[in-house]
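Quick notes on the structure that follows.
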Amino acid sequence: MSDATYLELRRIRKSFGSFTALDDIDLTIRRGEFVCFLGPSGCGKTTLLRIIAGLETQTSGTLMQAGRDISVLPPAGRDYGIMFQSYALFPNLSIADNVGYGLVNRKQSRAQVAPRVEELLKLVGLPGSGGKYPAQMSGGQQQRIALARALATSPGLLLLDEPLSALDAIVRVHLRNEIRDLQRKLGVTTIMVTHDQEEALSVADRIVVMNHGVIEQVGTPMQVYREPASPFVADFVGKVNRLTAVAEGDHWFRCGEKRLHCVAHADSDFRPGREVALYLRPEDRVVDGVRDDDPMRCSGTVRHVEFLGGNCLAEVLVDGMPGQPLQLQFSLNQMDEFDVREGNTIRFALRADRLRVFPVSPL
Amino acid sequence: MSAVLRAPPLKQRVHWTDRFAHLALIGIALLLVVGLVVPLFIVLSKALETSDGSAAGLGAFAAYLASPALLQSLWHSVWVSVLVTAIVVPLAFTFAYALTRSCMPFKSLFRTITLLPLLAPSLLSAISLIYWFGNQGVAKEFWLALGFDGIYGAPGIVLAECFATFPHTLMILVTALTLADARLYEAADALGTRTLRKFFTITLPGAKYGLISAALVTFTLVITDFGIPKVVGGNFNVLATDVFKLVIGQQDFQRGAVVALLLLTPAAFTFAIDYFVQRKQTSTLTARAVALVPRPSRRFDLAMTLYCVLIVGLMLAMFLMAVFASFATLWPYNLTPSFVHYVSGLVDAELGDAMLNSLKLAACTAVFGTAIVFVGAYVLEKTRGFDGVRPAIRLMAMLPMAVPGLVLGLGYIFFFNAPGNPLSFMYQTTALLVLCTIVHFYTTGHLTMVTALKSLDPEFEAVSASLKVPFYKTFWRVTLPICLPALLDVSRYFFINAMTTISAVVFLYSPDTKLAAVAILNLDEAGDIGPAAAMAVLIAGTSTVVIVLYMLLGKLVDRRTQAWRAPSR
């Protein structure tokens, strides 16, 4: 991956009447990067994608693609391939005609188009299906055809608008890996819009988490998961426990009767007395080898166990933290190992280095 | 920050291919302005003028409104329309209920026969009535025994209108009753609900909007119909015949405009209600609804079959009487079948040209109307830019539904016959008749096309743009082929209506462009009822042939271009 900037969004604003859909979006995407726009429905991620595609026009702001100002260019004047959630395959044209739709227009002869179409079909794993019609293909196959069509003209930018959400779970996982592999192979800069955090975490080089028309965080999947920049990101990406606490200064926080020491977050110096929220992932706990003097040591009663397959979520009422039960994750083996059952008491420590602290009210 | 807020929103540069779409958009807007808005506006302004042309008109308008003759016509029009609505809607509802909720046999046959009145001008039922119950009618004694003075006047109008409007009302009600969610009935069954209660708590509320719509459409059709009262109305004046008499008979355009305005008001009013009601209806049935499949019930099915046989029998009696009479040599004395009315009444009277003119009008309307409506709907739904003009075009496309043909025709006289209008060369030409007919029936065609286009993936155009394919290529390669079946439907609709319409074109023809449907009117006025019947039958025959041709064409199109729809795996 080179570090060259490929796409640059500067102060993009979009308002519909008095409603602000996007508010001052600044974003830089490098050449060859796979970026996911992640957020709940209505957060503006699709609007942003459509602005990049020229299907909507931003109210103000600048778009630069490969050094070229494309802010007010019509879609046909920009360089991208796009795939929609509905795929938008032309139902009355054969698969070959669909894939070659953009090629024929470039005044290429039939003899040049046919091999390129077959090459693309091979690329997406559907060689020899050019004579069929879209209605004869399964949803997953249609999705690949749409991808081949978007890639046919070798665009510099690939835009994917919720490409997998119309498929069932198994096909979805399979195809997202294929898209990822294909993207790596071709090196095409790619933006994918999704509301599925798991999807974003698994395929993206960087994730842009959006909410209410603003970017909450831009970072690698690991950064977004481990170091969420805001309570929203912590809540939206992955499961998280939220504990209300009061700052006592020097990275100490009181939660119920327990005092917790948060070592990370050197910058988050909260004045004593300030109300804060502590965010902790269910898996961020230690059971083995907890020292008795560990300030994060807890004991608690298992109230309820939710079986999720390979993992279980145990709801634990921690001694000294009334009214704030914790969800802790254990693998099936650990359930036996630590004897985690409803009604049992377990001893564990919270991982202080993973704890994230956010102020409850704005500063 | 505030500077950013105050800056005007960015505008995208327009790709040169999109200019074509904008040009088409402007073209459609101009067509509707010239063919609809301006003529209507002139009718309004004429109604407010005094007879010498000065504009101090409200007084004259009010004075004329208060005249007893006009009030009587208004009263006649209203009560006749209400009565027909009250008769036809329950009859059609029962028929539609039988078609959709029973397991009676021959459903499609029954359905087809009820469509017969659509094939000919509404006049046909009036002419048939005269043969049945007129002064020389076969069942005149029966009619008199029922206590009526004769067929001419209100009873004849009501009866003929019932037949003429039945198919329209039925179509709406069948649609309304087809949209039923079986899950509601299953839930009711699970709760042990009785049949009658299910009818009143599920069926009727479900069809509520359809019933309102059917009633409004029936009312509007009757109050604006002009052919039937003209033929069997006798001395019973209604608004529609008043307009005709004032304009054609007395050349009193100003008063004609006042009456036309009165005619426009209830039509526009019912249209507005209907439009409002229709918007509500779309949300009542969700995509997840389960279609209701009727279960056989011997007694109910038998009763429904008998009812439908009765209705269909009456329809056939009405339709076939005109056919029979048109072949009778000399009614009622010599009923031997012959072509005398066709040969001496039509061909020798040089009315063959009228038939040719009608065919020409219908063909032109079918071709140009379909093209205009399709392009109009396409640029409206599928292209971008010119957002200010779009709502105006949408409104103008819906407006013709609310405008009675007579009012439109009158507007055309005022506008295209006006001295100094550069378009006046069109007056009394076939081109103007075509324009008038296209505009008159624009709304239904437009709505059909919009529905067809809305069922297409909204991103086709976006994908094409990303592939650098201009929109017109996608229009030609994708949109048009997919929409061909809908296109055929619209074109058939235009053709049949152009063949059978009278109301708008009655003001606009010249001796050279005389139309078959209008010729029926003139023949009847001259007392040549035999040739009039022959002409009506000829139109019905032509319409039938055309429909069969369209069916064959549809099959061909399906085989050629729709192979992708249900392909085998």
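Here are the numbers for this structure:
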{"read-out": "Along each principal axis, Cα extent of chain A, largest first, Å", "value": "78, 46, 37"}
{"read-out": "DSSP bridge orientation in the stretch A:5-235 - percent antiparallel, rounded to nearest 5", "value": "55 percent"}
{"read-out": "Net charge dipole size for the stretch A:5-235 [Lys, Arg +1 and Asp, Glu -1 on Cβ; Debye, nearest 20]", "value": "840 debye"}
{"read-out": "Residue order, fewest to most surrounding Cβ atoms within 10 angstrom, among A:203, B:232, B:557", "value": "B:557, A:203, B:232"}
{"read-out": "Pairs from A:132/B:555; A:185/B:473; B:360/B:382; A:45/A:239; B:208/B:382; A:14/B:473 whose Cα-Cα separation, in the structure shown, is over 26 Å", "value": "A:185/B:473; B:360/B:382; B:208/B:382; A:14/B:473"}
{"read-out": "Estimated 222 nm signal from helices in chain A, with DSSP H stretches of n ≥ 4 weighted -39500 (n - 2.57), rounded to 500", "value": "-7000 deg cm²/dmol"}
{"read-out": "Helical contribution to [θ] at 222 nm, DSSP H n ≥ 4, -39,500 (n - 2.57), averaged over chain B, rounded to 500", "value": "-21000 deg cm²/dmol"}
{"read-out": "Selection from A:229, A:245, A:203 lying farthest towards where the dipole of the stretch A:203-247 points positive, charges on Cβ", "value": "A:245"}
{"read-out": "Residue order, fewest to most beta carbons within 10 Å, for A:224, A:193, A:218", "value": "A:218, A:193, A:224"}
{"read-out": "Farthest positive-ward along the stretch B:339-563 dipole, Cα basis, beta-carbon charges - from B:556, B:478, B:494", "value": "B:478"}
{"read-out": "Ranked packing of B:154-160, B:194-200, A:254-260, most packed first, by mean Cβ within 10 Å", "value": "B:154-160, A:254-260, B:194-200"}
{"read-out": "Euclidean distance of C-alpha centroids, the stretch B:323-377 and the stretch A:283-324, integer Å", "value": "90 Å"}
{"read-out": "Magnitude of the charge dipole, the protein assembly as shown, Cβ model with Lys/Arg +1 and Asp/Glu -1, debye to 20", "value": "1160 debye"}
{"read-out": "Estimated dipole of the stretch A:213-282 in Debye, rounded to 20 [Cβ of Lys and Arg +1, of Asp and Glu -1, Cα centre]", "value": "260 debye"}
{"read-out": "Options B:147, B:448, B:246, ranked by Cα towards positive dipole end of chain B, top entry (Cβ charges)", "value": "B:448"}
{"read-out": "Tail beyond 55 Å, pair distance distribution of the protein assembly as shown (Cα, percent)", "value": "34 percent"}
{"read-out": "5 angstrom amide H check on residue A:210, placed H, neighbours 5+ away", "value": "A:38, A:39, A:216"}
{"read-out": "Net charge contributed by nearby residues that have their C-beta within less than 10 Å of residue B:531 (K/R +1, D/E -1)", "value": "-3"}
{"read-out": "B:331, B:79, A:252, B:16 arranged by Cβ crowding within 10 Å, fewest neighbours leading", "value": "B:16, B:79, A:252, B:331"}
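The numbers here are math on the coordinates, done by the rules we state, and not lab data. Every value quoted in this text rests on a predicted model; they were computed, and no experiment measured them. All Cβ positions, even for glycine, are placed from backbone atoms using ideal geometry, and neighbour counts span all protein chains on display.
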